[in-house]
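Input: a single structure, listed below in structure tokens.
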Amino acid sequence: MSLVRNVGTIGSLTLLSRIFGFVRDMLLARALGAGLAADAWQLAFTLPNTFRRLFAEGAFSVAFVPMYTRRLHDLDGDGDLGNGPDARQEAADQFASDVLSVFVWVLLGFSALCMIAMPGIVWLLAREYQSVPGKFELAVVLSRVTFPYLALVSLVAMLSGVLNARSKFAPGAVVPVLLNIVMIGGILIGWYLRGDNGDDTIVAWALAISLALAGVAQLAYMMWASRRAGVRLKVSAPKFTPEVKRLGKLILPATFGAGIYQISQLVDTFFATSLPQGSLTLLKMADRLNQMPLGVFGIALGTAILPMLARHIQTGNAREAQRLQENAVEIATLLCLPCVVALAICAEAFTTGIFAGGKMTLEDTQLMGRIVIALVAGLPAYVLIKVFQPAFFSREDTRTPVFVAAGALTINIALNFWVVPRYGIVGLAGATAFTASLNVACLYTILQLRGWFHFSAKLAGRIARQLAACAVMGAALWFMTPALEPWWSGEALGRIMALSALVAGGGIVFFAAAFVLGALDKDLIAQLKRKRARS
């Protein structure tokens, strides 16, 4: 089992999804800009997605995957689950079926209650929308249309967790691609139906409907992939077995511990809706650039490391657990740090080159660039949180991240009350980055004090060399970006060429410098080459 190979599989498919996501957002920026309908849509899209990441892909997955993995591999070593792989698989699938039979009804009930209470939810998050005629009402109705997506994609997340425990990571990484493809179709249909009459609500409605349809497509695909992998789950009358009750007890604290980023997103949404119209849209689109490396590297690492780390810890192999976490940190910083430097230096080039046009003005993209700079200051923390949290979750310790997350979130809210009136949407993004960094620093300190993980001298030296390579790349981009400005702020072909030159040039300079400075671990590269040769 190779962490590098699994991260590569998840990361490459997630990269494909992010590319489609950029296409989606480019079309969305041109179709809606940063106006009334765009803000209403962003809120309607944020609600189910935040709950999805918080509960389904966050709390549920980190609690469910270690328990399912233990039953699948009989990691307790007591033989109670059977002597052969078929018996263990049957026991694991029975546990998953028991969970699914309860999970379905919880999802349906929660979704129904939220749809009924949607006016109150929107009021709590965006009460300022009431000051703009029609904006609050549009946000409520769009949120009711999009919210069923939560139930659909939560089931997708559960099936993905089952397959991840079996080291089949590709299907779960493919489903976001389906989401973006369906939503791109929704934008194009809405754009066509709107025609020349200028009613942006038509596009927003088409987007909301396409999100619900995307959930259906994702669930159908995951059901097919699960069957193909030999997973046999059945929905029956809900039974609260001891294992299901234990899972429920783990989920409650994990909801907070795994979801600090998502909870912060809701907090940011609340503050962003109090700022001038378009602020929420600009924040979400800036976060798309921040989410590219986070989604490709951070989520891929977190997804791949959890079942592998669970096996090492539950078999008492502390040395392999330390090695696995060191590899994860090294891969994370190797891929993340150059992204931070590149996005910070080239922020305006990327936001203008990608999003400017149609109803999205140049002034909007310039402000978006400043938001990107503030957000990426916390990018290493966002990624390392995904690496450090599995060390707790694989030990079924979901309590410790709760206290860490609670402290970080409290500081985040307090900071927002101070920085938002003074620095607006850019200050809001900066506060989120700061508290994420505080969160990851606390997690590492606790891991080290408990003897669960520590930075070795070798790892620290490797990261120092990575930083030196980033400095070389940053110097190159500092000169390239203004030189290419006539192209990245010009016509479509010039934008593509300029942004491609920045990405390719920065990447070549970084990896060349990293090779010369010894920032690349030759053992990891050799491992990756061996796995590719076998696949």
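Of everything in segment 336-351 that's out of contact with any Leu (no Cβ under 9 Å at 6 or more places or on another chain) and not acidic (Asp, Glu), which residue is nearest to Asp287 (Cα to Cα)?
By that ranking, first place goes to Ala344.
Taking the stated definitions as given, is Tyr192 of a type outside the set (S, T, N, Q), farther than 30 Å from Arg88 by Cβ and free of Cβ contacts under 8 Å to residues at least 12 places away in the same chain?
It is true that Tyr192 is of a type outside the set (S, T, N, Q), farther than 30 Å from Arg88 by Cβ and free of Cβ contacts under 8 Å to residues at least 12 places away in the same chain.
Residues Val106, Val102, Val174: which one is among the β-branched types (Val, Ile, Thr) and either at pLDDT 90 or above or within 30 Å of Leu15 (Cα to Cα) (or both)?
So the residue among Val106, Val102, Val174 that is among the β-branched types (Val, Ile, Thr) and either at pLDDT 90 or above or within 30 Å of Leu15 (Cα to Cα) (or both) is Val174.
Can you work out which of the residues in segment 216-233 that are surrounded by fewer than 15 Cβ atoms within 10 Å (Cβ to Cβ), over 17 Å from Ile181 (Cβ atoms) and touching a residue at least 60 places away in the same chain (Cβ under 8 Å) is nearest to the chain's Cα centre (by Cα)?
The extreme case among them is Ala229.
Scanning segment 467-495 for residues that are outside any helix (DSSP H, G or I) and not charged (D, E, K, R), which turns out surrounded by the fewest Cβ atoms within 10 Å (Cβ to Cβ)?
Ranking the qualifying residues of segment 467-495, first place goes to Gly490.
Residues to consider are Ala44, Ala96, Ala92, Ala37; find the one that is crowded, with 19+ Cβ neighbours inside 10 Å, over 19 Å from the mean Cα position of the chain (by Cα), within 30 Å of Tyr192 (Cα to Cα) and at pLDDT 70 or above.
Ala37
Here is a check on your reading of the model: is Ala469 within 30 Å of Thr365 (Cα to Cα) and in contact with a helix residue (DSSP H, G or I) (Cβ under 7 Å, 6 or more places away or on another chain)?
Considered against the rule, which asks whether it is within 30 Å of Thr365 (Cα to Cα) and in contact with a helix residue (DSSP H, G or I) (Cβ under 7 Å, 6 or more places away or on another chain), Ala469 comes out as yes.
Say whether the condition of being farther than 22 Å from Thr269 by Cβ, free of Cβ contacts under 8 Å to residues at least 12 places away in the same chain and assigned to a helix (DSSP H, G or I) is met by at least one residue in segment 415-435.
no
Within segment 376-414, how many residues turn out to be assigned to a loop (DSSP other than H, G, I, E, B), over 23 Å from Arg311 (Cβ atoms) and not hydrophobic (A, V, I, L, M, F, W, C)?
Total satisfying the criteria: 1.
Hey, could you check segment 448-462 for residues that are of a type in the set (A, V, I, L, M, F, W, C) and surrounded by fewer than 18 Cβ atoms within 10 Å (Cβ to Cβ) and say which is farthest from Ala328 (Cα to Cα)?
Leu449
All but one of (1) closer than 26 Å to Phe64 by Cβ; (2) without any contact (Cβ under 8 Å) to a residue 40 or more places away in the chain hold for Phe136, so report the exception by its number.
Unmet condition: (1).
Please find, among Leu343, Leu375, the residue that is in contact with an Asp or Glu (Cβ under 7 Å, 6 or more places away or on another chain) and buried (at least 20 other Cβ atoms within 10 Å of the Cβ).
Of the residues listed, the single one that is in contact with an Asp or Glu (Cβ under 7 Å, 6 or more places away or on another chain) and buried (at least 20 other Cβ atoms within 10 Å of the Cβ) is Leu375.
All but one of (1) crowded, with 23+ Cβ neighbours inside 10 Å; (2) at pLDDT below 90; (3) not β-branched (Val, Ile, Thr) hold for Arg395; state the number of the condition that does not hold.
Status for Arg395: all satisfied but (1).
How do the pairs read when you match residues in segment 108-129 that are over 17 Å from Leu275 (Cβ atoms) with residues anywhere that are assigned to a helix (DSSP H, G or I) and among the basic types (Lys, Arg), using Cβ under 7 Å and keeping only pairs 6 or more apart or on different chains?
Pairs found: Met115/Arg144; Met118/Arg144.
So is Ala374 more than 20 Å from Leu499 (Cβ to Cβ), in contact (Cβ under 8 Å) with a residue 24 or more places away in the chain, touching a helix residue (DSSP H, G or I) at 6+ places or on another chain (Cβ under 9 Å) and of a type outside the set (S, T, N, Q) or not?
Judged against the criteria, Ala374 is a match.
The values are calculated or read from the model by the stated rules, or taken from the named source; none is laboratory data. None of these values were measured; they are calculated from a predicted model. Note that each Cβ is placed from the backbone with ideal geometry, even for glycine, and that neighbours are counted across all protein chains shown.
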